[in-house]
Structures are given as structure tokens and as C-alpha cells.
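Here's the structure, in C-alpha cells; my notes come after.
The values are calculated or read from the model by the stated rules, or taken from the named source; none is laboratory data. For clarity, every value in this text was computed on a predicted model and none was experimentally measured. Every residue, glycine among them, receives a Cβ derived from its backbone with ideal geometry; neighbour counts consider all protein chains shown. Surface areas here come from the heavy atoms of the whole protein model, side chains and all, with no ligands, DNA or RNA. Shrake-Rupley method; radii C 1.70, N 1.55, O 1.52, S 1.80 Å.
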Amino acid sequence: MKKVFLIFGLILTFVGNVKAQDLYDRATVQTIEVFFSQSNWDALMDNLASTTEDYLVADSVRINGISFDSVGVKYKGNSSYNANNNKNPLHINLDYVKGSQDYQGYTDLKLQNGYKDPSMIREVLSYAILEQYMDCPKANFANVYINGTLRGLYSSAESINDNFNGAHYYSTEGAFIKCNPVGGAGPGATASPDLKYINADTASYANGYELQSNYGWYDLVHLIDTLNNNFAAIESNLDVDRALWMLAFNNVLVNLDSYSGAFRQNYYLYKDLNDRFVPTVWDLNMSFAGFSGGTGSGTYTATSLDPMSNSTSTIHPLIVKMLGNATYKKMYMAHIRTIVQEIFASGDYVTTANTLRNTIDASVQADPYKFYTYTQYQNSLTTAVTGGGGPGGGSSIPGIQALMDARVTFFNSNANYILVAPAIVSYAASNLLPTYGETITITATVSNETSVYLGYRMEHPLKFTRVQMFDDGLHNDGAAGDHVYGAPVTMNTAELEYYIYTENANAGLFSPQRAEHEYHTLLTVVPLAAVGEVVVNEIMASNTVTADDNYGESDDWIELYNTTAGVLSVAGLWLSDDPVNMSKWQIPAGTIIEPNGYLIIWTDEDGGQSGLHTNFKLGSAGESVIFSDGMFLYDQVDYPALLSDQVYARCPDAGIFTIGDFPTFAASNNCYLGVDEASLSMDISVYPVPTTGNVFVSSKENAELAIQVIDLQGRLLYETTSSEALIEIPSAQWNAGFYHIRIQEGSSKLKTVSFIKE
């Protein structure tokens, strides 16, 4: 069983080009219309907001002219919601009643009402900045109508849910935590998602966090314990770089309705394929000093909020621990300099802000329930606005440009900010056209440094490995002491993603400066498959249980097989279900198949999802699968009607097709597909399922079994042969996810069992 490498960064670029404008296109204002049969819908939703926090079912919701029946709608928010408001924030759940409903793949709409934001752009502008440095929701604007009456202009931010996690973190099975206290934050709240260690009892954390997955409390407590009591191991439990970007962003933009503020909230944690929690920022409607709750550590002035704010706090352990580590502090300050210089000192944000204001200007004027006057809106970029903000008025909200111009001036005289970092003069690879399996050297020429590191990964979903680079003359780095540093990398991948980090006693610097969110790339030279070298090997046209994609969906799939003993590229080739149109879906750049390896492509008509997802679906009644270069045919398979979880597969691999009841997902095909299932039965059980540790195979076969464990990317993780009655598979250290165990007895019996590792 051979590994399959998918270059997800390029895949994301590809699908982004296919879908240029969507629900969150910032250049447009969406139209969302809600229709209730009840004339007292507002009172009903107020009652639900104060009691069960459940949805009121709308007869229909229409999004840009497309209607959806029986949709859940409710008020959301804490300080931004008030029963006396004419315009409250909304959560619209398209699949609340009908589970198959979505708009362009989105099932949830989160709409903010502009409370405490005379500019109306704080949320959208903030996400437009943040997306340049870490994964975050998309956001734009929508005019909302209820029962035919305009309620006003809202900002609309993508929901952070399983779809978001699948798209950005490549799985949906991990522990998923919403870091907001139950019942909301505020003065007098008794719980906070502050990441402080209380004790080992998971119940002690239940009021400070909201569990969004079926499990995860133990994972969360383990993270908190590691952060507070075993910080040396933090990189095995937390994506440190994204945490540093989050803290840097919060500080520069004075976004204090966040972990960096008094209530330490409004972020999510998701445990990804690397078994690390990844933070995602949420709820930016009060960034740019729109939040009056403060830092939690005494008084402060927004224009001069220090980057070391809360570094000695008793209630912000994440900040204290990160800034207490010399290297992490330098990385954090490097990220702060990048944001300040790229976005604010350059004036880039003003251009973006004015573009957004031009987009929404007419909608702001027409908004009957806006919290601020149109004149206040017009002045809000440069002038502080007092009042507004709903019932009871509001405090002074600074003008965004006035605030950030003052912030730039402050940073330019801040002692930590003006420390001089090393300079990365150049970087290079010893071979710009490496072959597969070749060991090359990455070099960097640096000045004013004390140490240099290389961060690299072989597949996009994986975490970066950071290793030291050397200037000793022994690492293909030239002469010792010449400030040229080198580190070797073996190109067992289609593409290498890497960055350079260097530091001295005072400061650090990344190349590229947006690392790890952005990175340098080096492509491996891999020959394109010729006709006959790669074939369609297996087809599943009605998948319900065999395998799930990284979105947790049981989609149909096609398996390609490399018939050769060499690695081959299939990038740029095409798949289709229409013989008249062979160029339906193009395989993304960077996609290769290892020697005698397999590649799974999901035929789910979800071309907008990350990974290999086609823009067509297969029909279980039978149709064609065409594999080509767009002009010349590589392979065509006309498969018959298939029952649920049946496959049409070649046996042996690349051999003759037959219908079978035993799918072999990303693995050697079962050559006993046509044999009656009863004759292949095996007295085998697998437990515990799901498991948090090792998994066991219990056998009463009294025969030697060949066992393989394969992940959803088709990678062989483990194999053994044993005739023991109880076989232990060492899965305790594996990432959380979905796995397949293939158990074979001789040449006549085969069984595949799936299990989840939590």
C-alpha cells in the first residue's frame, strides 16, 4: 500500500478560482428575506431568546432569490441583543428542519446588527485583514427583510462549524470547543474560557466552554493542563503559530472582546489531524476599540495599548505563557510588526475600508433601524462617535483611521516594537527541479543573527516541522561562519512547503513574513502519467458506510491506480461522467500517485470543498466514468446499476471489472468480490469503537491474519501478520480521525472494519 500526496494549498487556489463570487463576496450586498406566518414573530423570538434559546421556524427564507422552506431563525448575541431593539442579530439555520438544505454549501447564516459600530464595517474589515494571517470566517453584508419589511443592513460572517473545520483543518471528527461562557460573558460572570487550570475534573470547565462535538472535554483539560503545568510540551497540543497570530491581531486592532480582553472569549478551538488544537477568531464587530470592557488588567488607552498587555495577568495564562517564552515572544512581535507595517503604516486598510463603504453606502442610508445617523456613519472613519448603540445610548467609539494612525505612531516608539531583528538576505534550494526522493538543501543567507530555523512540511494538512539550520560548512552551506545556513530535506512529496525563521537576542523575523500562514514552495519534477499507466480501478456510486471524506460526509468516490513502479503525476488530467464532455473536472496541480499506489477522488458535486471533490455526482443507476487529458481517452468505464455500498472494481488491480460487496477503499482490490458473502464471513470483532487509545482485533479464526490500517488519504499506517486470538494495534498516538482495518485470511477471506480514533 503506497502513500498518496495531495497538495491542498494548490487545491484551495484552484477551487477558489472556480467559485469567484459567493455568499460572502465583499463586493456585493446580499439580499435575505425571512417570512413568518406569525405576525407576532418578534415577541415569539424574544421569548425564545430569554428561555430556551431555540429557533422559531420561518415558513421560508429567500437568499438572493432562492427560497428554502421551514428554516430555523433566532436572535443571537449577548450585549448586541436587546428585546427593545428593532434590529437584533440573527442566526438563520437553513437545515434546521430539512437537513439537506444549503446555499452554496452554507447551512448557517450569522448576521450582526451594527451595534456599537457607527462605521458598519468593523467586522468585515477586521476579517479582511485577519484572513491574510490565519484561517478565519469569510464576511460581507446583507440587507435583511422580514415579512416584506426591510429591517436594515447587517454584516454577515461565515459560521464556524463542521463545514468550516473540514475546509480549513481537513477533518470534522476532532474535539471542537466554542470558547464562550455558558449564559454569556459580562460583569458578574462566574466562568470564563480563560484557559486557566482548575483541576482534572472536566465538570469544572463546563460553564466556561461550550462543547460542539460529541467528545472533547478530556482533550480540552489536557490542553489547559499542558499550557499551565507542562508548557515545554505545548507544541504537541496547540498550534502555537496561529495562537501567536491571534494574540498579535487582537492587540494591534485593539480587539478586546476576545481572549485578549477582560472576558477572554470569542474564539474556537478545534483539534485537527495533527492532534493539536487550532484557534479560530470569532465575533469582530467590536474590534478597533469598539468594546468598552477593557483588558481585564486595569485602565488602558486604546491608542497606546502595549503589545505586552496582560503579559503578567493572573487571568490570561495563554498570553503570560507565550510572552514568557523568549522565542515565542520574538515570533509574536514579528507578527505584530508584519500587521502594523503591511496593513496600517502602508494605509492599505483605508483603501479596503473605503471600498467597503462605497459598497454599502446606499444600504446604510436606507436602513430604517440603524443605531447611528447617516452623518455619524459618514464621519466614523476619522471621527469618534458618541451615542447610538441601541437602548441606553453608548460610549464613545473611536474613528477607525484616527485610532490606527495613532497606533502606528505609538508602535514606532514602543521599546519592544523597535528592536532590530536579523535580516534574511536571500534563500534558495540547491536544486530548483528536484526529482522525487532526492535530498536537497534549503539555504538562507542571514545577517545580525544568532540562530536560523527551517520550518517545512510534505503535505498541506500536516503541521510544520521546525529544524535548526547550520552555518558550519557541513550542511551544503558554503564556508563555516559565512552567514549562509543550510538544512537537508528529502523530497518524498510533490511539493515542499517551507519558511525560514531567524532571531537574535532581541527580535525575530520570518520569510515569508506571513508564515506559517504563507510559505515558500518547491515543486518536485514528476512525470505525467501516460495512457495506460493510471487507470480507473474502483467505483462507489452509492456510499453510505464505507468511508467519509474530510467533511464527515459519506460521498461517492472513484479510485485511480498507478500500474507502474514509478511515481506519476495526474495533475491537469480530467474526470467526467459525460462522454460528450470529457473536460468536466480537472485534477488539481500537485496531485501525484506513488508507485502502485491509489488515489481517491470524491464524486460529490462539491467542487468548492477543499481536497479532491469533483463538480459532478455519480448515479447509482449506472453511467460512465471518463478519465482523459481533455482530448485523448486514458480510460472509460461504463458501470452498471449498483446497490448501496456495492462497488464496480477491477480484480486484480488494473484487471477485469466486476460487481462486489466488499469495497477496498484506497487499497488492493478484493479478488473474491463475486463470492457469496457467507463463504467469506470471518469471526472477527474490533473494539473499543470509538477508541481514545489502542484498538484490538479479536479473532476466532484460528489462522494467521494479515492486517493493514489505512487512513482516509489512503496512507498505510500499520501492518502486521498474526495468528493470536487478540491482536493489539498501537493507535494511541495516532491523530483523531476515521481509519479502516483490512483483515485478510489467506487468499479466500477478507474483511474491512472501520473505526474512529478520538
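Keeping to the range 261-287, report how many residues are assigned to a strand (DSSP E or B) and in contact with a His (Cβ under 9 Å, 6 or more places away or on another chain).
Taking the range 261-287 and keeping what is assigned to a strand (DSSP E or B), we get 267-271, 277-281.
In the following step, the residues that additionally are in contact with a His (Cβ under 9 Å, 6 or more places away or on another chain) were identified as 270, 278, 280.
Of the residues in that region, 3 qualify.
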Notebook entry, point to check: Which condition breaks for Leu717 when tested against (1) part of a strand (DSSP E or B); (2) at pLDDT 85 or above?
Noted result: (2)
Item checked: In the range 221-240, the residues that are polar (S, T, N, Q), within 20 Å of Trp734 (Cα to Cα) and part of a helix (DSSP H, G or I) -> Thr226, Ser236
Check: Does Val425 satisfy the criteria of being closer than 30 Å to Glu449 by Cα, part of a loop (DSSP other than H, G, I, E, B) and more than 29 Å from the chain's Cα centre (by Cα)?
Finding: no
Margin query: Looking at the structure I just gave you, is Ala505 at pLDDT 95 or above and either over 30 Å from Gln468 (Cβ atoms) or among the hydrophobic types (A, V, I, L, M, F, W, C) (or both)?
Written below: yes
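Among Tyr218, Tyr197, Tyr154, which is farther than 27 Å from Asn93 by Cα, aromatic (Phe, Trp, Tyr) and not in a helix (DSSP H, G or I)?
Numbers: Tyr218 fails: not in a helix (DSSP H, G or I); Tyr154 fails: farther than 27 Å from Asn93 by Cα.
So the residue among Tyr218, Tyr197, Tyr154 that is farther than 27 Å from Asn93 by Cα, aromatic (Phe, Trp, Tyr) and not in a helix (DSSP H, G or I) is Tyr197.
Within the range 531-553, track down each residue that is out of contact with any strand residue (DSSP E or B) (no Cβ under 8 Å at 6 or more places or on another chain), buried (at least 17 other Cβ atoms within 10 Å of the Cβ) and under 30 Å from Tyr270 (Cβ atoms). Before the answer, list the steps.
Applying the first criterion (out of contact with any strand residue (DSSP E or B) (no Cβ under 8 Å at 6 or more places or on another chain)) to the range 531-553 yields 542, 544, 550-552.
Subsequent filtering for residues that are buried (at least 17 other Cβ atoms within 10 Å of the Cβ) retains 542, 550-551.
Answer for the range 531-553, where residues must be out of contact with any strand residue (DSSP E or B) (no Cβ under 8 Å at 6 or more places or on another chain), buried (at least 17 other Cβ atoms within 10 Å of the Cβ) and under 30 Å from Tyr270 (Cβ atoms): Asn550, Tyr551.
What are the residues in the range 618-634 that are closer than 12 Å to Ala529 by Cα and part of a strand (DSSP E or B), if any?
To start, the set of residues in the range 618-634 that are closer than 12 Å to Ala529 by Cα comprises 627-629, 634.
Across the range 618-634, the qualifying residues are Phe627, Ser628, Tyr634.
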Notebook entry, point to check: Looking at this structure, is Asn492 open to solvent by 10 Å² or more (accessible area, probe 1.4 Å) and within 16 Å of Glu449 (Cα to Cα)?
Noted result: no
Next item on the list: Scan the range 585-598 and give yes if some residue there is part of a loop (DSSP other than H, G, I, E, B), touching an Asp or Glu at 6+ places or on another chain (Cβ under 6 Å) and either modelled with pLDDT of 95 or more or open to solvent by less than 10 Å² (accessible area, probe 1.4 Å) (or both), otherwise no.
Entry: no
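Test Ser451 against the stated conditions and say whether it is surrounded by fewer than 19 Cβ atoms within 10 Å (Cβ to Cβ) and touching a residue at least 40 places away in the same chain (Cβ under 8 Å).
Working: surrounded by fewer than 19 Cβ atoms within 10 Å (Cβ to Cβ): yes; touching a residue at least 40 places away in the same chain (Cβ under 8 Å): yes.
Yes, satisfied.
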Margin query: Among the residues that make up the range 458-471, is at least one of them within 14 Å of Ile440 (Cβ to Cβ), touching a residue at least 60 places away in the same chain (Cβ under 8 Å) and either assigned to a strand (DSSP E or B) or open to solvent by 30 Å² or more (accessible area, probe 1.4 Å) (or both)?
Written below: yes
Next item on the list: Identify all residues within the range 432-447 that are loosely packed, with under 14 Cβ neighbours inside 10 Å and either without any contact (Cβ under 8 Å) to a residue 40 or more places away in the chain or closer than 18 Å to Arg466 by Cβ (or both); write none if there are none.
Entry: Ser447
Margin query: Return the residues of the range 35-93 that are open to solvent by 60 Å² or more (accessible area, probe 1.4 Å), touching a helix residue (DSSP H, G or I) at 6+ places or on another chain (Cβ under 7 Å) and either in a strand (DSSP E or B) or over 23 Å from Ala157 (Cβ atoms) (or both); say none if nothing qualifies.
Written below: none
Notebook entry, point to check: Restricting attention to the range 259-273, does a residue exist that is touching a Pro at 6+ places or on another chain (Cβ under 6 Å), free of Cβ contacts under 8 Å to residues at least 40 places away in the same chain and surrounded by 23 or more Cβ atoms within 10 Å (Cβ to Cβ)?
Noted result: no
Notebook entry, point to check: Which members of the range 199-218 meet the condition of being aliphatic (A, V, I, L, M) and exposed (fewer than 15 other Cβ atoms within 10 Å of the Cβ)?
Noted result: Ala200, Ala203, Ala206
Check: Where residues in the range 638-665 are under 20 Å from Asn596 (Cβ atoms) and either among the basic types (Lys, Arg) or not in a loop (DSSP other than H, G, I, E, B) (or both), which of them is most open to solvent (accessible area, probe 1.4 Å)?
Finding: Ile656
Notebook entry, point to check: Within the range 496-515, how many residues turn out to be buried (at least 22 other Cβ atoms within 10 Å of the Cβ) and free of Cβ contacts under 8 Å to residues at least 40 places away in the same chain?
Noted result: 0
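Does Tyr55 fit the bill of being of a type in the set (Phe, Trp, Tyr), in contact (Cβ under 8 Å) with a residue 12 or more places away in the chain and over 17 Å from Ser37 (Cα atoms)? Don't jump to the end; show me each part of the working.
Working: of a type in the set (Phe, Trp, Tyr): yes; in contact (Cβ under 8 Å) with a residue 12 or more places away in the chain: yes; over 17 Å from Ser37 (Cα atoms): no.
No: the conditions fail for Tyr55.
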Notebook entry, point to check: Looking at (1) assigned to a strand (DSSP E or B); (2) within 30 Å of Leu633 (Cβ to Cβ), which is the one condition that is false for Thr521?
Noted result: (2)
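Does Ala429 count as open to solvent by less than 40 Å² (accessible area, probe 1.4 Å) and modelled with pLDDT of 95 or more?
Details: open to solvent by less than 40 Å² (accessible area, probe 1.4 Å): yes; modelled with pLDDT of 95 or more: yes.
Considered against the rule, which asks whether it is open to solvent by less than 40 Å² (accessible area, probe 1.4 Å) and modelled with pLDDT of 95 or more, Ala429 comes out as yes.
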Checklist line | Matching residues, the range 240-258, being in contact with a strand residue (DSSP E or B) (Cβ under 8 Å, 6 or more places away or on another chain) and surrounded by fewer than 24 Cβ atoms within 10 Å (Cβ to Cβ) | finding: Arg242
Check: Looking at the range 138-165, which of its residues are closer than 29 Å to Leu211 by Cβ and either crowded, with 24+ Cβ neighbours inside 10 Å or aliphatic (A, V, I, L, M) (or both)?
Finding: Ala139, Tyr154, Ser155, Ser156, Ala157, Ile160, Asn165
Notebook entry, point to check: Take the residues of the range 723-741 that are open to solvent by less than 20 Å² (accessible area, probe 1.4 Å) and part of a strand (DSSP E or B): which is modelled with the lowest pLDDT?
Noted result: Gly737
Next item on the list: Considering each of Ala248, Ala243 in turn, give the residue that is within 18 Å of Ala415 (Cβ to Cβ), in contact (Cβ under 8 Å) with a residue 24 or more places away in the chain, small (Gly, Ala, Ser) and not in a loop (DSSP other than H, G, I, E, B).
Entry: Ala248
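Among the candidates Leu560, Leu528, Leu573, which residue alone is surrounded by 24 or more Cβ atoms within 10 Å (Cβ to Cβ) and not small (Gly, Ala, Ser)? Break it down stepwise before answering.
On the way: Leu528 fails: surrounded by 24 or more Cβ atoms within 10 Å (Cβ to Cβ); Leu573 fails: surrounded by 24 or more Cβ atoms within 10 Å (Cβ to Cβ).
Exactly one residue qualifies, and that residue is Leu560.
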Margin query: If I ask for residues that are part of a strand (DSSP E or B), at pLDDT below 85 and within 30 Å of Trp217 (Cα to Cα), which ones from the range 666-698 would you list?
Written below: Ser685, Val686, Tyr687, Thr691
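Taking Gly607 as the residue in question, decide whether it is small (Gly, Ala, Ser), open to solvent by less than 30 Å² (accessible area, probe 1.4 Å) and touching a strand residue (DSSP E or B) at 6+ places or on another chain (Cβ under 7 Å). Break it down into steps so the answer makes sense when it comes.
Numbers: small (Gly, Ala, Ser): yes; open to solvent by less than 30 Å² (accessible area, probe 1.4 Å): yes; touching a strand residue (DSSP E or B) at 6+ places or on another chain (Cβ under 7 Å): yes.
Against the criterion (small (Gly, Ala, Ser), open to solvent by less than 30 Å² (accessible area, probe 1.4 Å) and touching a strand residue (DSSP E or B) at 6+ places or on another chain (Cβ under 7 Å)), Gly607 qualifies.
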Notebook entry, point to check: Considering only helices (runs of 4 or more DSSP H) fully contained in the range 342-411, which possess at least 2 residues that are hydroxyl-bearing (Ser, Thr, Tyr), closer than 21 Å to Tyr154 by Cβ and modelled with pLDDT of 95 or more?
Noted result: 348-366, 374-379
